[in-house]
Amino acid sequence: MITIKNKAAIAKMEEAGKRLATIFDKLPSIIEVGLSTLAIDAWIEERQRQYGLVSKSKGYKGYKYVSCISVNDEVVHGVPSVAKKLQVGDLVKVDVCAAWNGYCADMARMYFVENAAPRSQQFVEAAQRSLNQGIAKAYAGNRLSDISYAIQSEIEASSYGIVRDFAGHGIGKMMHEDPEILNFGQPGHGPILRPGMALALEPMITMGSHKIVVLDDGWTAKTVDGSLAAHIEDTVIITDAEPKIITRPGT
Ligand code: MF3
Ligand code: CO
């Protein structure tokens with residue numbers, strides 16, 4: 001069942017998004033060569049505490065961290081580690097879901113360490129465009145799969161792979177609610193979008209094969225062929241006008 005959020009719930013989700021986005025805005029200032037992904041997680045945990053945010057990943061199915069940090073060929077759910085230290089040119093994906101007064105926002109962003117190879121930069125931009133194309137279909141009256149189709153079309157226009165083992169999701173009091181939002185599909189299917197629905201859209205793409213494998217840690221998903229992976233996520237509320245992107249406050 002897809003829950004419809006009332007005004008009070010939406011206001012809390014917006015506040016969660018605003019606070020979470022503030023943390024992400026500050027991440028580039030700490031990302032540097034030699035920093036461990038565990039140190040990034042610890043930094044995020046401290047900021048969450050300061051901002052009154054409650055982690056939704058720590059404690060989730062035994063997961064121990066406030067963020068997922070996936071580097072290069074890791075797609076999503078990278079487990080922060082003291083042994084994993086950032087190197088020049090790395091593509092770092094940081095994914096955080098946190099709640100404010102009981103309501104969640106879910107967000108992921110990508111950062112290059114010092115510099116980006118041009119083809120890696122283009123790849124990241126394709127992922128960003130695909131998310132924006134998905135959001136551009138997040139209007140009341142559209143069908144859910146119109147979003148999926150828009151995301152897929154943008155990715156395939158650049159011939160990148162679409163990871164199929166994970167999907168976006170509804171969100172609210174819980175990190176994962178109905179519906180599941182695939183990053184591929186034909187338009188015109190699934191539930192009709194209605195004002196008050198909250199959706200976390202998160203395309204995951206690969207430079208090579210779309211196939212992924214989950215490591216022995218039970219979490220980290222990486223590409224089978226070792227190719228670069230990109231992931232970006234925003235939380236969006238369906239309104240009776242423009243979609244409200246709560247993880248991009250001020251837009
Ligand atoms: N934003 C991620 C998601 O939507 C958060 C995963 S947290 C984890 O799946 F605990 F599942 F790793
Ligand atoms: Co998510």
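FYI, it's all coordinate maths here, none of it is from the lab. No experiment lies behind these values; they were computed from the predicted model shown. FYI the Cβ positions are ideal-geometry reconstructions off the backbone, even for glycines, and counts take in every protein chain you see.
Some points to look at:
- In the set TYR139, TYR149, only one residue is within 28 Å of ALA16 (Cβ to Cβ) and out of contact with any strand residue (DSSP E or B) (no Cβ under 7 Å at 6 or more places or on another chain); that residue is TYR139.
- Scanning segment 65-83 turns up at least one residue that is of a type in the set (Asp, Glu), surrounded by 23 or more Cβ atoms within 10 Å (Cβ to Cβ), in contact (Cβ under 8 Å) with a residue 12 or more places away in the chain and more than 13 Å from ligand 2 (Cβ to nearest atom).
- The sole residue among GLY196, GLY168, GLY208, GLY226 that is under 16 Å from the mean Cα position of the chain (by Cα) and of a type outside the set (A, V, I, L, M) is GLY168.
- Among (1) buried (at least 21 other Cβ atoms within 10 Å of the Cβ); (2) not in a loop (DSSP other than H, G, I, E, B), the one test that LYS61 misses: (1)
- Positions within segment 32-65 being of a type in the set (A, V, I, L, M) and more than 29 Å from PRO243 (Cβ to Cβ), in sequence order: VAL33, LEU35, LEU38, ALA39, ILE40, ALA42
- For segment 164-200, a residue qualifies if it is buried (at least 24 other Cβ atoms within 10 Å of the Cβ), within 22 Å of LYS222 (Cβ to Cβ) and of a type outside the set (S, T, N, Q), and the qualifying residues are GLY168, ALA200.
- Any pair with Cβ under 6 angstrom, 6 or more apart, that starts in segment 120-131 at a residue that is of a type outside the set (Asp, Glu) and ends at one that is part of a helix (DSSP H, G or I): ARG129/GLU154; SER130/ILE151; SER130/GLU154; SER130/ILE155
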